[in-house]
Amino acid sequence: SDANETWGLVVNEALASGTPAAASDSCGCARDLIERYYPELVFPEGDIGKIQKAIERGVDVSEDEILNSGVLDYYSSQATAQSLLNAYA
């Protein structure tokens, strides 16, 4: 992903299914979805060596680890609905 990737829906989808995802620091969701939990999976855009290290690290992250990490809790349907209720109140 580069700076044209405003969010990175494919990252959302990967993490929601327990699949590790690496993303460049230019991808919109990198800070919110990956860096907080797996900073080593975020790499500087275009840095081939760091991309390789991120992919190698991602191979070691299990499905259970991702699904139990809480990485998507803030972005769940329930959290979104609660945020809307809070805003309305």
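The values are calculated or read from the model by the stated rules, or taken from the named source; none is laboratory data. Here the structure is a predicted model, which means the values were calculated and not measured. Glycine gets a Cβ as well: all are built from the backbone with ideal geometry, and neighbour counts include every protein chain shown. Accessible surface areas use protein heavy atoms only, side chains included; no ligands, DNA or RNA. Shrake-Rupley method; radii C 1.70, N 1.55, O 1.52, S 1.80 Å.
Would you mind stating whether residue 6 is touching a residue at least 40 places away in the same chain (Cβ under 8 Å) and not hydrophobic (A, V, I, L, M, F, W, C)?
no
Residue check: residue 46 meets all listed conditions (1) in contact (Cβ under 8 Å) with a residue 12 or more places away in the chain; (2) open to solvent by less than 40 Å² (accessible area, probe 1.4 Å); (3) not acidic (Asp, Glu) but one, namely (2). Of all residues in region 23-43, those satisfying the criterion of being more than 16 Å from residue 9 (Cβ to Cβ), in contact with a helix residue (DSSP H, G or I) (Cβ under 6 Å, 6 or more places away or on another chain) and open to solvent by less than 60 Å² (accessible area, probe 1.4 Å) are 41, 42, 43. The helices (runs of 4 or more DSSP H) falling completely within the chain that include 2 or more residues that are in contact with a strand residue (DSSP E or B) (Cβ under 8 Å, 6 or more places away or on another chain) and modelled with pLDDT of 90 or more map to 48-59.
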